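The values are calculated or read from the model by the stated rules, or taken from the named source; none is laboratory data. Remember, it's a predicted structure, so these values are computed and weren't measured experimentally. Cβ: placed from backbone, ideal geometry, glycine included. Neighbour counts: every protein chain shown. Heads up: the accessible areas ignore ligands, DNA and RNA and are worked out on the full protein's heavy atoms, side chains in. Shrake-Rupley method; radii C 1.70, N 1.55, O 1.52, S 1.80 Å.
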Amino acid sequence: MTTISIPINDKLNDYIDEQVRLGKASSKSELIRRALIKYKEDEFIKAILEAEQEIKDGKALTGDLDELAKGFE
């Protein structure tokens, strides 16, 4: 596992501390990991919705669904 260090402002740090205190995650790092996983899932869903809209608009789809699915793993 790789460790990264990022600067955040006081408001974000307070929010993270509050979420951990409320039991939303057991640690700051768990909360950040979960947030990144959620972001990745949201991006995946966005790509699917864009593809669906292309179909509705009569545009040809580009890309490979298998490759898109790999991005979700």
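Scanning region 17-52 for residues that are polar (S, T, N, Q) and not in a helix (DSSP H, G or I) yields a count of 2.
Please verify whether D10 is open to solvent by 90 Å² or more (accessible area, probe 1.4 Å) and at pLDDT below 95, treating the condition exactly as stated.
no
Taking each residue of region 1-15 that is within 16 Å of L31 (Cβ to Cβ) and looking for partners that are open to solvent by less than 100 Å² (accessible area, probe 1.4 Å) and β-branched (V, I, T) with beta-carbon atoms closer than 8 Å, six or more apart or interchain, yields I8/I16.
Hey, any hits in region 42-59 for a residue that's at pLDDT 95 or above and either touching a Leu at 6+ places or on another chain (Cβ under 7 Å) or open to solvent by less than 90 Å² (accessible area, probe 1.4 Å) (or both)? Yes, region 42-59 contains a residue that is at pLDDT 95 or above and either touching a Leu at 6+ places or on another chain (Cβ under 7 Å) or open to solvent by less than 90 Å² (accessible area, probe 1.4 Å) (or both). Under the condition of being more than 11 Å from L68 (Cβ to Cβ) and touching a Gly at 6+ places or on another chain (Cβ under 7 Å), the residues counted in region 34-52 number 0. Under the condition of being in a helix (DSSP H, G or I) and more than 20 Å from the chain's Cα centre (by Cα), the residues counted in region 1-16 number 3.
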